[in-house]
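The values are calculated or read from the model by the stated rules, or taken from the named source; none is laboratory data. It should be emphasised that the depicted structure is a prediction, and the values quoted were computed from it without experimental measurement. A quick note on method: Cβ atoms are made from the backbone with ideal geometry, for glycine too, and the neighbour counts reach across all protein chains shown. Heads up: the accessible areas ignore ligands, DNA and RNA and are worked out on the full protein's heavy atoms, side chains in. Shrake-Rupley method; radii C 1.70, N 1.55, O 1.52, S 1.80 Å.
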Amino acid sequence: LPSMQTSGSTPCPGPSFKLREVASMYFTMIAVFLVILVVALQGSVPRGSDFPYKVPLDPQGLLELSWNVSYPQQAVHFQLLVRDLQFGLLFGMSDRGEFENADLAVLWSDGRNSYFGDAWSDAKGQLHMDSQQDYQLLGARRAPEGLYLLFRRAFSTCDPKDYLIEDGTVHLIYGILEKPVRSLQAINISAIHRGLQRVQLLKPNITVPELPSDMKSMEITAPDVVIPSQETTYWCYMAELPDSFPKHHIIMYEPVITAGNEALVHHMEVFQCAAEFDSFPHYNGPCDSKMKPDRLNYCRHVLAAWAMGAQAFYYPEEAGLAFGGPGSSRYLRLEIHYHNPLVFKGRRDSSGIRLYYTATLRRYDAGIMELGLVYTPVMAIPPGEDAFILMGYCTDKCTQLALPAAGIRIFASQLHTHLAGRKVVTVLSRDGREQQVVNADGHYSPHFQEIRMLKEVVAVFPGDELVTTCTYNTEDRSRATVGGFGILEEMCVNYVHYYPQTQLELCKSAVDPGYLHRYFNLVNRFNDEEVCTCPQVSIPQQFFSVPWNTFNRDVLKSLYAFAPISMHCNKSSAIRFPGEWEKQPLPTITRRLREPVPRCPPAPGPQPTGPVPLNLGKLRRD
């Protein structure tokens with residue numbers, strides 16, 4: 001550049017050749033460094049510690065997904081191990097695991113050349129290349145165990161064709177291409193080997209508390225079970241604590257999975273039995289067997305729950321879950337859900353849960369409280385509904401009476417419905433104003449239930465309200481679905497884990513039965529088909545006989561939205577706190593929380609406008 005000079009000033013020479021050379025070398029070194037960085041990324045498998053979460057995608061374990069979450073970058077980094085690569089694969093996300101209207105990363109090959117790209121499927125399942133490539137390929141490498149693909153995806157991309165990654169359950173889908181394809185559009189997703197896996201992608205970024213030196217462990221595991229050769233099995237096994245086992249605090253637990261069965265053990269729970277019984281019979285068999293003793297149904301107090309993809313669960317350093325000692329049953333029930341879609345035969349399993357506990361009791365006992373709806377048939381969902389909403393209340397009157405002045409702290413939550421549940425959310429309100437979401441799952445699945453640590457502890461004070469909302473789909477049902485314990489009946493529950501433990505174990509509601517009786521009388525007045533409202537006919541039978549026209553559906557929705565409720569503000573002994581709990585008014589909410597607006601941070605580096613070619617060599621033909 002020419003130098004600039006003003007009158008009366010000393011000439012200011014331009015940059016010397018030496019300076020330009022140094023600058024040139026500097027930028028060259030940066031460019032070389034970036035190249036080395038990319039090559040290093042593509043040429044080595046990232047350390048396992050870089051991807052703390054791992055889950056098998058398919059029952060055979062041919063596809064293994066690992067990932068980490070970066071909240072500062074608002075992105076998930078995926079590492080996909082393909083153990084037996086043929087001609088490519090599909091990986092992605094959809095609302096409930098469908099391959100229609102899905103957001104996909106696709107690796108495909110024509111037998112000679114391979115490509116990676118961001119795609120989407122339409123309502124008919126036809127694949128299309130996305131004009132905005134938001135699955136960002138970071139590396140690909142062959143290793144003795146298979147092909148590693150490393151890629152990145154932002155939580156939110158502001159691309160209408162992309163899936164919004166949120167808290168809660170994510171339905172991951174996969175497909176394996178067993179034949180070469182000439183183009184992305186030539187892939188027929190209905191003809192490929194495919195499946196789904198459910199995970200919680202956005203794990204909370206929680207600091208692991210320091211563990212005490214006197215910590216001990218105990219394994220509650222199945223005793224060399226032969227997994228039945230059927231798709232779904234719930235297996236029950238009874239275990240016992242030692243005689244005179246004193247009070248301890250459980251401070252963490254983790255899964256124990258038999259090697260080779262990682263894709264078959266879907267979820268596990270450890271329940272403590274009711275202390276009112278002196279003994280429980282031994283049992284080791286299917287939970288739905290007629291041989292299972294009825295008394296095992298009294299083992300319902302959850303001590304630990306794990307689902308595929310979950311890591312170790314840690315209690316806050318100031319609290320632990322009490323077990324052992326006076327007033328605590330010695331008997332525990334382990335329940336394992338085996339998912340065996342390929343119907344393997346003769347597979348043996350000794351999986352379970354390892355409890356870590358300490359005799360040095362922490363400051364607080366942790367408690368578990370049930371929020372939501374009472375298990376009662378007065379709460380029902382008409383057939384043929386795509387999104388029917390029921391709400392359960394923990395009222396200000398109950399929390400005012402039952403909670404200590406300093407309040408409680410909720411640190412974990414387990415949402416629960418039966419088969420028709422699609423969404424669950426619990427919101428904390430104070431003085432009629434919604435304060436914060438306690439836990440929410442907009443893609444909830446009854447087949448994936450785990451105790452989830454919350455990203456931040458939620459403080460609940462006397463006079464606060466907790467409202468749990470469940471959304472149901474009954475499009476595949478021909479008659480009403482009523483509340484109850486049966487798998488074809490419904491529930492709406494949030495088991496919140498909190499400290500310090502109080503006497504309040506259940507804070508739930510249901511519509512006032514008298515108002516429901518008026519509903520049935522109204523149905524009789526406006527319909528030709530009479531619903532018998534006589535006392536000898538059960539509430540489920542009355543619901544089953546309702547003709548579900550638009551009027552009857554809308555009136556039932558309105559009834560649940562305005563009718564007074566029966567509150568269950570119960571102590572652990574199932575006795576209500578003193579007070580008037582019938583015909584209570586619904587809580588009034590004057591201010592709602594705003595719906596969060598997704599942030600769409602720019603992707604690092606230049607983005608490809610189409611598929612990225614990959615040099616994977618010639619792929620095999622069977």
Quick one: grab the alpha carbon gyration tensor of region 53-203, order the square roots of its eigenvalues as a ≥ b ≥ c, and give me rounded if a/c is under 1.5, else prolate or oblate depending on whether a/b is larger than b/c.
rounded
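Please list 544, 485 in order of solvent-accessible area, largest first, computed with a 1.4 Å probe with all protein chains present.
Details: 544 55, 485 125 Å².
The residues order as 485, 544, largest area first.
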Spin-label pair residue 405/residue 274, simplified geometry with 7 Å Cα→Cβ offset, distance in nm
3.7
Area accessible to solvent at residue 128, 1.4 Å probe radius, in Å²
60
Could you calculate, for the chain, the ratio of the Cα radius of gyration to the Kirkwood radius, expressed as Rg to Rh?
1.04
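Please give the FRET efficiency for residue 461 paired with residue 300, using the beta carbon to beta carbon distance and R0 = 35 Å, rounded to the nearest 0.05.
That pair, residue 461 with residue 300, gives E of 0.75.
Could you put 495, 174 in order of accessible surface area, largest first, with the 1.4 Å probe and the full protein assembly present? Could the numbers behind the result be given before it?
Details: 495 40, 174 10 Å².
Solvent-accessible surface, decreasing: 495, 174.
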Holding the Cα-Cα limit at 20 Å, pick out from 423/557; 423/571; 179/345; 290/345; 54/203; 397/583 the pairs that are longer than that.
423/571; 179/345; 290/345
Skipping prolines and chain starts, which residues have an amide H placed within reach, meaning under 5 Å, of the one on residue 450, given they are 5 or more residues away or on another chain?
415
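Counting only helical runs of four or more DSSP H residues, what would the 222 nm mean residue ellipticity of the chain come to if each run contributes -39,500 (n - 2.57) and the total is spread over all its residues?
Working: 5 runs with 67 residues, N = 622.
Only helices count here, giving -3500 deg cm²/dmol.
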How far apart, in nanometres, would the label points at residue 229 and residue 54 be if each is projected 7 angstrom from Cα along the Cα-to-Cβ direction?
3.0
Provide the gained length on full extension for the span residue 110 to residue 430, in nm with one decimal, where the gain is 0.36 nm per separating residue minus the Cα-Cα distance.
109.2 nm
What whole number of Å gives the distance from the Cα centroid of region 537-604 to the Cα centroid of region 90-119?
40
Can you tell me the length gained on complete extension of the stretch residue 599 to residue 178, counting 0.36 nm per residue apart and subtracting the Cα distance?
147.8 nm
Non-local amide H neighbours of residue 576 (under 5 Å, H modeled in plane, Pro and chain starts lacking H): which ones?
571
So what does log10 I(q)/I(0) come out to for region 481-612 at q = 0.09 Å⁻¹, using the Debye formula with one equal point on every Cα and no solvent?
-0.48
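How long are the three semi-axes of the equivalent ellipsoid of region 215-362, in whole Å, if each is the root of 5 times an eigenvalue of the C-alpha gyration tensor, listed from largest down?
Values: eigenvalues 142, 73, 24 Å².
Result for region 215-362: semi-axes of 27, 19, 11 Å.
Which net charge results for the neighbourhood of residue 563, defined as the other residues with beta-carbon distances under 15 angstrom from its beta-carbon, given Lys and Arg at +1 and Asp and Glu at -1? It would help to have the intermediate numbers written out before the result.
On the way: positive: 518, 557, 583; negative: 512, 554, 582.
Result for the local shell: 0.
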Please list the non-local residues whose amide H lies under 5 Å from the amide H of residue 256, H modeled 1.01 Å from N, same-chain partners needing a gap of 5 or more.
352, 353, 354
Given 245, 113, 135, which one lies farthest toward the positive end of the charge dipole of the chain, if we put +1 on the Cβ of every Lys and Arg and -1 on the Cβ of every Asp and Glu?
113
Of 272, 324, 168, which is farthest on the positive side of the dipole of the chain, counting Cα position, with +1 on Lys and Arg Cβ, -1 on Asp and Glu Cβ, and the Cα centre as origin?
168
Among 526, 460, 308, which residue has its Cα positioned farthest towards the positive end of the charge dipole of the chain, with +1 placed on the Cβ of Lys and Arg, -1 on the Cβ of Asp and Glu, and the dipole taken about the Cα centre?
308
When the Cα centres of region 217-260 and region 374-406 are compared, how far apart do they sit, in Å?
32
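Using r as the Cβ-Cβ distance of residue 536 and residue 141, and R0 as 56 Å, what FRET efficiency do you calculate, to the nearest 0.05? Provide the component values of the computation, followed by the final result.
Details: r = 71 Å, r/R0 = 1.28.
For residue 536 and residue 141, the calculated efficiency is 0.20.
So if each residue of separation counts as 0.36 nm, and I subtract the Cα-Cα distance between residue 243 and residue 96, what length gain in nm does that give? Don't jump to the answer; show the numbers that get you there.
Numbers: separation 147, 0.36 × 147 = 52.92 nm, distance 4.66 nm.
Length difference between fully extended and current span is 48.3 nm.
Could you please report the charge total around residue 508, scoring K, R as +1 and D, E as -1 over all other residues with beta-carbon less than 12 angstrom from its beta-carbon?
Result for the local shell: -1.
On the accessible surface of the chain, probed at 1.4 Å, how many percent belong to carbon and sulfur atoms? Show your work: numbers first, answer last.
Values: 15830 of 29830 Å².
C and S atoms contribute 53 percent here.
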Simple Cβ-charge dipole of region 412-473, Lys/Arg +1 and Asp/Glu -1, about Cα centre, in debye nearest 20
180
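By the scheme Lys and Arg +1, Asp and Glu -1, what is the net charge of all other residues having a beta-carbon under 10 Å from that of residue 64? All intermediate terms of the calculation are to be shown ahead of the outcome.
Values: positive: 54, 83; negative: 58, 145, 262.
Local net charge: -1.
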Once R0 is set to 25 Å, what does the formula 1/(1 + (r/R0)^6) return for the Cβ-Cβ distance between residue 126 and residue 386, expressed as a FRET efficiency to the nearest 0.05?
0.55
